[in-house]
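**Student:** Sharing a structure, written as structure tokens. Questions coming.
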Amino acid sequence: MSLIRIFLGLFLMAAGRKLFWLAVAAIGFVYGMSIAQNFLPQASDVVLIVIGLIIGLIGAALATFLQGIAVWVVGFLAGGYLLFHGITLLGIDTGQYFLLPWFIGGILGAILMGSLFDLALIIFTSLFGGLLVAQQLGLGPELTIVVTGVLFVLGFLMQSSQLHLLRKKR
């Protein structure tokens, strides 16, 4: 499982904006596996992967056929995931209000994606990918934050330079 998440994280960091539909599928896959792990704690890795693939395929179809909606959905999912895990890494316990960061981050993420698509997509895929990789390294919270930050910067620079070259060609 860790290798899959590391691979997806590196992919998102390197090409999340360029291959939007595949980035949506990757984020859907991660969400599908996370949801399955929470609701089916005894499930085998194969079951978790199949559920993740189903959710990922639904996300890819959404991104392909209904891109306008997919932009908002990806913003919501990425924003919620990032804010929730960021708060967790900082050691803040939300107690019974554990869903509140998901919703606040989700709403902010959806607004950001809807208004600044290219920039927001680069930020979210770089940060989401960096966090996925860092979480798999088994580091403490402080080092996970530092590694996520370094990976975010690398992903942001890679994707920004790709976007700059694309715009320069036009």
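**Student:** Write out, first by first residue and then by second, each pair whose Cβ atoms fall under 7 Å of each other, whose residues are 6+ apart or on separate chains, and whose first residue, in region 20-39, is without any contact (Cβ under 8 Å) to a residue 12 or more places away in the chain while the second is in a helix (DSSP H, G or I).
**Tutor:** Partner pairs satisfying both residue conditions: GLN37/LEU48.
**Student:** Any residue at all in region 1-17 that is surrounded by fewer than 16 Cβ atoms within 10 Å (Cβ to Cβ), in contact (Cβ under 8 Å) with a residue 24 or more places away in the chain and among the hydroxyl-bearing types (Ser, Thr, Tyr)?
**Tutor:** yes
**Student:** Test each condition in (1) in contact (Cβ under 8 Å) with a residue 60 or more places away in the chain; (2) under 17 Å from GLY32 (Cβ atoms); (3) among the aliphatic types (A, V, I, L, M) for ILE55 and report the one that comes out false.
**Tutor:** (1)
**Student:** Which pairs have Cβ atoms under 6 Å, sit 6 or more apart or on different chains, and link a residue in region 102-120 that is of a type in the set (Phe, Trp, Tyr) to one that is surrounded by 15 or more Cβ atoms within 10 Å (Cβ to Cβ)?
**Tutor:** TRP102/GLY80; TRP102/PHE84
**Student:** Scan region 30-43 and give yes if some residue there is in contact with a Phe, Trp or Tyr (Cβ under 6 Å, 6 or more places away or on another chain) and surrounded by 20 or more Cβ atoms within 10 Å (Cβ to Cβ), otherwise no. Lay out the reasoning, then the answer.
**Tutor:** Going through region 30-43, the residues in contact with a Phe, Trp or Tyr (Cβ under 6 Å, 6 or more places away or on another chain) turn out to be none.
No, region 30-43 contains no residue that is in contact with a Phe, Trp or Tyr (Cβ under 6 Å, 6 or more places away or on another chain) and surrounded by 20 or more Cβ atoms within 10 Å (Cβ to Cβ).
**Student:** Report, by residue number, each residue of region 121-152 that is surrounded by fewer than 16 Cβ atoms within 10 Å (Cβ to Cβ) and without any contact (Cβ under 8 Å) to a residue 24 or more places away in the chain.
**Tutor:** Answer for region 121-152, where residues must be surrounded by fewer than 16 Cβ atoms within 10 Å (Cβ to Cβ) and without any contact (Cβ under 8 Å) to a residue 24 or more places away in the chain: LEU137, GLY138, LEU139, GLY140, GLU142, LEU143, VAL146, GLY149, VAL150.
Computed from the coordinates by the stated procedures, all read-outs in this text should not be read as laboratory data. Given the structure is predicted, the values throughout are model-derived calculations rather than measurements. Cβ sites come from the backbone with ideal geometry, for glycine too, and all protein chains shown count toward neighbours.
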